[in-house]
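As structure tokens, the structure follows; a few thoughts come after it.
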Amino acid sequence: MKAVNPLVVFFLLIALGACKSENNTQDTMSASDRKWWKEAVIYQIYPRSFQDSDGDGVGDLKGIISRLDYIKSLGIDAVWLNPIYASPNDDNGYDISDYRSIMAEFGTMQDFDALLKGMHDRGIKLVMDVVVNHSSDEHEWFKQSRSSRTNPYRDYYHWWPAEQGTPPYRYSLFDVNHDAWKYDSLTDAYYLHYFSRKQPDLNWENPKLRQEVYDIMKFWADKGVDGFRLDAFQFAAKDTTFPVFPKGYEKNFTQYYAMQGNLHEYLKEMNREVFSKYDVMSVAEGAGNTFEDAHNLVDADRNELNMAYAFEGVDLAKPEGYSVLKFKEVFSRWDSSFAEKGWLAIFLANHDQARMVSRFGNDSPAFRAPSSKMLSTFIMTMRGTPYYYYGDELGMTNGGFERIEDFRDIQTLNEFEYQKNRGADMAEVLERKQFESRDNGRTPFQWDATKNAGFTKGTPWIKVGPNYQTVNAAAEEKDPNSCLNYFRALVKLRKDNLALVYGDYTLLDKDNPDTYSYTRELDGKKFLIMLNFKGTPAGTQTGLDLSKAKVILGNYPQPSTDGRLKPYEAVVYEIP
Ligand code: GLC
């Protein structure tokens, strides 16, 4: 036998040691703990407003296809598409009349197949919205259901026969009277709709309905989609005896609507029937009322869902402002409750909110870019899967709607009507909606400085944002310091560092009312993130020795190195 050269052994050991420390994270993160959907950055596209290809003023699938290279250039891993199914668009696609076909305005099934292929060719996954707490009243199921009391589809929805008197009050989020029971003279009965009158609630207590939904999900999973977002699903199960709720319950309606009855049984069944058979991820809108509720949805050993998104954080921003202390407390509490088990989404905006920078940052010209970058830094350095809303990478702002006629959203329009009927001060109501209406987050993507921001050659379905001539992708592409290029750097940073995905989170300088500082740490790799949430300089005492810290990324050309942060400054350091 040939003697082994001790020098070779020595170098081999060193090389192995080097590999070991490089792959350290992989060593301690067991393969079963690591999941693509935990490591992914998910980019949300509101298809109606992304890119119009045929000049009808409405975004469409061909439009998205034409922008796939842009989407890829962001470095993101997956796209969540808001609903694209056939719909009369009472609630922009959240009222589905056929779950197996594409909304006429958005294109055809061929377009969908091309879109999915175009994404997969680029290594991007697709997450579909599944809206099954309710359907459209124009769905065939509902047409049948309402046609007679003995129709086989009657039990696909919730009906209350009028001879039993008026049903116990149920609050509707979108109804013009906030009344969730709509009387239908055809069969002398009321049907239930937690959202608009054109969104009747499906009866999940009916096993036939549940099977129909699983078949629909399989139809899309067979096409190769990579995940499902379950819209409003926390409300799906109901106590169908419809007990009387205490007066005023509507102020806290989720306590009465969320996680009722057999919801978890239905999710386990859905998991058995659908999720377990495909390589798909699942995320629920809403996480119930307690951490226990949230864990019951997402803990892996329960075989229900992969993750949920909770609203406590995103709901903090109010027209009168919000407390940074509270913001830190909420996000830290959610993080610590999921530190050992379970997984969450992290986000500050989506299609149900006004724009992130207008709500949580400062959209004045001087601070729009730094505050938007600072908020993006927060999202991309926290634990949980980031859900990042289209246009936030440009620092797009609220819509600048001046008149009631500028709004399009059913929730906003019905609220105007409701407030008018009760004699409210409409100037005040308008002012509030200018800040918080969902339409603010639904204005066309600002591609360039040409007419309609390059979104459409026709008349856009909703006004284009007021600042598209300066805030647009074409201009930001050219500027190395733009929000867009900063976002790309953030995505890369997260993708390159598992510590930012899985690492322990520690809040520092907890009582500082202006700044948010924390570390993320995994296997000896430690990042310090310092964020100034205010438009004035602020100091932060992290107790860490910054002299040895290396600046990895910051939203100012000269990042702070002494704990004194400039207005809305964000800095990410690596701590040796
Ligand atoms: C969810 C959606 C929202 C929709 C509602 C009814 O909250 O995110 O956009 O209006 O459900 O489907």
### Query
What is the distance in Å between the Cα centres of the range 38-98 and the range 330-397?
20
### Message
Show me the ranking of peptides 380-389, 341-350 by mean Cβ neighbours inside 10 Å, starting with the highest.
### Response
380-389, 341-350
### Task
Give, rounded to the nearest 20 debye, the magnitude of the charge dipole that the chain has about its Cα centre when Lys and Arg contribute +1 at Cβ and Asp and Glu contribute -1 at Cβ.
1280
### Message
In whole percent, and with a 1.4 Å probe on the protein chains, what portion of the accessible area of the chain is carbon and sulfur?
### Response
51
## Note on the structure
One point scatterer per Cα, no solvent, Debye formula: log10 I(q)/I(0) for the chain at q = 0.08 Å⁻¹ comes out as -0.57
### Query
Is the shape of the range 425-490 rounded, prolate or oblate, going by the alpha carbon gyration tensor and its root eigenvalues a ≥ b ≥ c, with a/c under 1.5 for rounded and a/b larger than b/c for prolate?
oblate
### Query
Mean 1/r over all different Cα pairs, inverted: what Kirkwood radius does the range 158-240 give, in Å?
14.4
### For the range 509-576 versus the range 119-134, the gap between their alpha-carbon centres in whole angstrom
36
## Note on the structure
Stokes-Einstein, Kirkwood over Cα pairs, the range 377-435, 25 °C, 0.890 mPa s; D in µm²/s equals 176
### Query
For residue 510 and residue 449 in the same chain, what is the full-extension length gain: residue separation times 0.36 nm, less their Cα-Cα distance, in nm?
17.7 nm
### Task
In Å and from the alpha-carbon atoms only, list the Rg and Dmax of the range 296-409.
15.7, 51
### Zero-based 10 Å bins, Cα pair distances in the range 103-255, whole percents
10, 34, 30, 17, 7, 1
### Query
What dipole magnitude, in Debye to the nearest 20, does the range 318-361 give about its Cα centre under +1 on Lys/Arg Cβ and -1 on Asp/Glu Cβ?
100
### Query
Considering every pair of different Cα atoms, what Kirkwood radius, in Å, is found for the range 84-185?
16.1
### Task
Report the one residue of 40, 390, 189 whose Cα lies farthest in the direction of the positive end of the charge dipole of the chain (charges on C-beta: Lys and Arg +1, Asp and Glu -1; origin at the Cα centre).
40
### Task
Can you sort 408, 154, 272 by 1.4 Å-probe accessible area, starting with the largest?
272, 408, 154
#### Entry: Estimated [θ] at 222 nm from DSSP helical runs (n ≥ 4, -39500 (n - 2.57)) normalised by residues in the chain, nearest 500
-9000 deg cm²/dmol
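The values are calculated or read from the model by the stated rules, or taken from the named source; none is laboratory data. Keep in mind that what you see is a predicted model, and the values were worked out from it rather than measured. FYI the Cβ positions are ideal-geometry reconstructions off the backbone, even for glycines, and counts take in every protein chain you see. Surface areas here come from the heavy atoms of the whole protein model, side chains and all, with no ligands, DNA or RNA. Shrake-Rupley method; radii C 1.70, N 1.55, O 1.52, S 1.80 Å.
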